Each structure stands twice: as C-alpha cells, then as structure tokens.
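Have a look at the structure below, then the notes.
Coordinate-derived values only; no laboratory data. Since the structure is predicted, the reported quantities are computational estimates derived from the model, not experimental observations. Here the Cβ positions follow ideal geometry from the backbone for every residue, glycine too, while neighbour counts run over all protein chains shown.
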C-alpha cells in the first residue's frame, strides 16, 4: 500500500474561487491569542525545525517573513538573519509578535496585507509559511511574483504548508505545485510527508 503522499496528483484539489477575507483571521485572533496553537503543537515544532534545517546557508543578511502570526517562526529565523522583516495582516498577531521580539533590534514587525502590501526592498531569504493556501490562485500568483521580484541574485525562497485540504484552505501539495510553476526558480530541496510540504527555491 502506498503512503498518502505517494498517491497525490496535481489538480486533485482545487484552489479557492476567492481569497479568504481578513475578517476570518481577525475573528480567529479575537477568539484566541494563538488560534492555531503554534506555540504548543508538535506538528509546529517539527515543521519549524525542518524549515530551519533546510536553509542552505548558515546565515542570511536580510529575511522577509509574511504572515508571521504570533512570531514563533520569527524568533527562530532571527537567530539566522542579520535583519528580519516580519509582517501580518491582523493587528492582534502583529502586537503579539512585536512584543515577543522587542528584545531583538534587528527584527522589525509590521502590519501588512498581501498581495497588496509588498515591501519596497530586496532580501536574500523569503519564507512563505502556512498562508498561501488561503488565497485564490490569482492572488497566490501575485504574491509569488512579488517576492521573486524582491529576491536578490542567489537568494532563497522557502515555502512550507500543511498538505490536507479543507473548506478554509487549499492543500499544501497543490499550492506548492502552483508556487514552483509560477516562480520559475531552481528547486534545491523538497520535503513531502503526510503532514506538510516544504520547498527551497533559489534565484539565479
């Protein structure tokens, strides 16, 4: 019997017709300070460890982390970067992440909603973690196109998402197929298991 991830095929789940609206996330944070239990679930701890282990370089000059939520991954990325810009569309998440990284002068946390609020600077590391599957395909492609344009030569784009589909999100497997196709970058690493998909892409 084949493992679940071995039976997946491109197109076996469909993207949203419309991106999930900001109100959905605001409601989740109004109900809980950590609505996805990022600070306690083993799934998250394992995913963060593998994400960091997949980075090809020991250190990066400048990193961009959109959809940073409460800053769990932000704190870990800060140990590997000279400068880090972390953003989220939800005010409550930004406040929590900013408070947790206040002791780190090289970390900046701001409120920004993608695909409209991309930064006016370039990076040698961009980490897209657990949010692209909330977008309709046109918005997802705008985000990918925007971050690729902001990657420095030889920079790395890391993409990691839960692989199951649900009413609130597309699945990681098909999300990553769309990202790799749209980005047009060399794939350095690919991790695909029953829980999540992780890709590392490199700009020319």
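Things worth noting here:
- Residue exposure sequence - 43, 64 - by fewest surrounding Cβ within 10 Å: 43, 64
- Adding -39500 (n - 2.57) for every DSSP H run of four residues or longer, then dividing by how many residues the chain holds, sets the calculated 222 nm ellipticity at -9500 deg cm²/dmol.
- Each DSSP beta bridge with both residues in the chain is either parallel or antiparallel, and the antiparallel ones are about 40%.
- Between segment 147-199 and segment 47-66, the alpha-carbon centres lie 14 Å apart.
- Calculated FRET value between residue 106 and residue 36, using beta carbons and R₀ = 22 Å, to 0.05: 0.25
- Structure-derived volume of the Cα convex hull per residue in Å³ - corresponding label in (i) 136; (ii) 217; (iii) 118: (iii)
- Segment residue 117-residue 193, extension gain: residue separation times 0.36 nm, minus the distance between their alpha carbons: 24.2 nm
- The fewest-to-most ranking of 47, 182 by surrounding Cβ atoms within 10 Å reads 182, 47.
- Panel order for 168, 195, 130, by other beta carbons found within 10 Å of each beta carbon, from fewest to most: 168, 195, 130.
- Fully extending the segment from residue 167 to residue 53, taken as 0.36 nm per residue of separation minus the present Cα-Cα distance, adds 37.9 nm.
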